[in-house]
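The values are calculated or read from the model by the stated rules, or taken from the named source; none is laboratory data. All figures in this text were calculated on a predicted structure; none of them were measured in a lab. Virtual Cβ from ideal backbone geometry, glycine too; neighbours counted across all protein chains shown.
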Amino acid sequence: MPTITLTLTEQQIEQLKNTFHEQLVKAPAYAKYQLRVENCVITAYESKKVVFQGKDAEIYASAFQISSSQNVLQVGSDEVGTGDYFGPVCVCACLLTPESYDKIQYLGLNDSKQLSDDMILETAPQLMKHVQYSLLILEPEKYNQIHPFNNLNQIKAKLHNQAYLHLEKKAGPLPELKVIDQFTPSSAYYRYLSTEPHIMTGLHFETKAESKYPAVACASMIARYAFLKTWENMEVKYGMTFHKGGGQKADESAMQFVKQHGFEQLNKVAKIHFKNTEKINGGKL
């Protein structure tokens, strides 16, 4: 079982407690408090040592392992939902300053794919209070309208570009460091945008950027949060449970949806160009 011990400031220790106060349990001797969060026990001692122990110890501790003295004046962007048959595509661009970073570093700045959905739902709203961001949600019905004329990478490129432009309009001139979690080479990215009236230039393209740039990690978390909330609303609206991803479970959800609501309604909840659609014939897999 992974165990990580860090020395934190009084402010970080208090912020950590406030974030997960509902998970407080009886503290052991010489400890300020103990938290039992999902897949991790966090114990803060009077000595300012904080011990993270459990399956997800590295995830919870990672936010504090990024040096707060680094230059975090940066913008980052990421997308969520492109591999899911159901649900929207969400893209977020997030501006991070040293001031905002100091306020949110205790939340766990990680790629959203490494965090549980419950943790995203709990921490992202707090993150969103302290950073400036632009969030775009492309619902399935709109996605299906534009996909015949734009491949998936082109759709993503246009959404990222719009997110940066919207953020600049909201926050003013953006810092020099603008990082995009690379999904296509930069040459292809700008080629996809060749017909756009306005293009954000000067982007830095890097794979696995969410693990290297806090702004990208923030964008990833916010995009995932928007995806999950939109998914919740979709399930409530149609009175059924949808399965994430694009495998057999998604096929089963599609069959159930078609039986309940008809094949003609599928484009409102699913990306119909996925091969999952081909497996449905009159509601039968």
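Could you list all residues from region 168-191 that are in a helix (DSSP H, G or I) and either in contact with an Asp or Glu (Cβ under 7 Å, 6 or more places away or on another chain) or touching a residue at least 40 places away in the same chain (Cβ under 8 Å) (or both)?
Correct list: ALA171 only.
Give me the pairs: first residue in region 70-95 and touching a residue at least 40 places away in the same chain (Cβ under 8 Å) and in the same structural domain as GLY172 (by TED's automatic domain parsing), second residue part of a strand (DSSP E or B) and aromatic (Phe, Trp, Tyr), beta-carbon distance under 9 Å, and six or more apart or on different chains, which are they?
Cβ pairs passing all conditions: CYS92/TYR133; ALA93/TYR133; CYS94/TYR133; LEU95/TYR133.
If I ask for residues that are of a type in the set (S, T, N, Q) and over 24 Å from ALA217 (Cα atoms), which ones from region 24-65 would you list?
Result: GLN34, THR43, SER47.
Name the one entry in GLU264, GLU196 that is among the acidic types (Asp, Glu), modelled with pLDDT of 95 or more and farther than 30 Å from GLU99 by Cα.
It is GLU196.
Could you pull out the residue among THR97, THR43, THR7 that is of a type in the set (S, T, N, Q), touching a strand residue (DSSP E or B) at 6+ places or on another chain (Cβ under 9 Å) and loosely packed, with under 13 Cβ neighbours inside 10 Å?
Of THR97, THR43, THR7, the one residue that is of a type in the set (S, T, N, Q), touching a strand residue (DSSP E or B) at 6+ places or on another chain (Cβ under 9 Å) and loosely packed, with under 13 Cβ neighbours inside 10 Å is THR7.
Listed residues HIS243, HIS204; which is farther than 21 Å from ALA93 by Cβ and either touching a Leu at 6+ places or on another chain (Cβ under 9 Å) or touching a residue at least 24 places away in the same chain (Cβ under 8 Å) (or both)?
HIS243
Given the conditions (1) in a helix (DSSP H, G or I); (2) hydrophobic (A, V, I, L, M, F, W, C); (3) more than 17 Å from the chain's Cα centre (by Cα), report the number of the one that LEU159 does not fulfil.
Only one criterion in (1) in a helix (DSSP H, G or I); (2) hydrophobic (A, V, I, L, M, F, W, C); (3) more than 17 Å from the chain's Cα centre (by Cα) is unmet by LEU159, namely (3).
Return yes or no: is LEU165 assigned to a helix (DSSP H, G or I) and buried (at least 16 other Cβ atoms within 10 Å of the Cβ)?
Yes, satisfied.
Please pick out the residue among TYR133, TYR143, TYR164 that is under 19 Å from ARG224 (Cα atoms) and touching a Cys at 6+ places or on another chain (Cβ under 6 Å).
TYR133
Across region 238-263, which residue is surrounded by the fewest Cβ atoms within 10 Å (Cβ to Cβ) among those that are under 16 Å from PRO140 (Cα atoms) and under 23 Å from the mean Cα position of the chain (by Cα)?
Per the criteria, the residue is GLY245.
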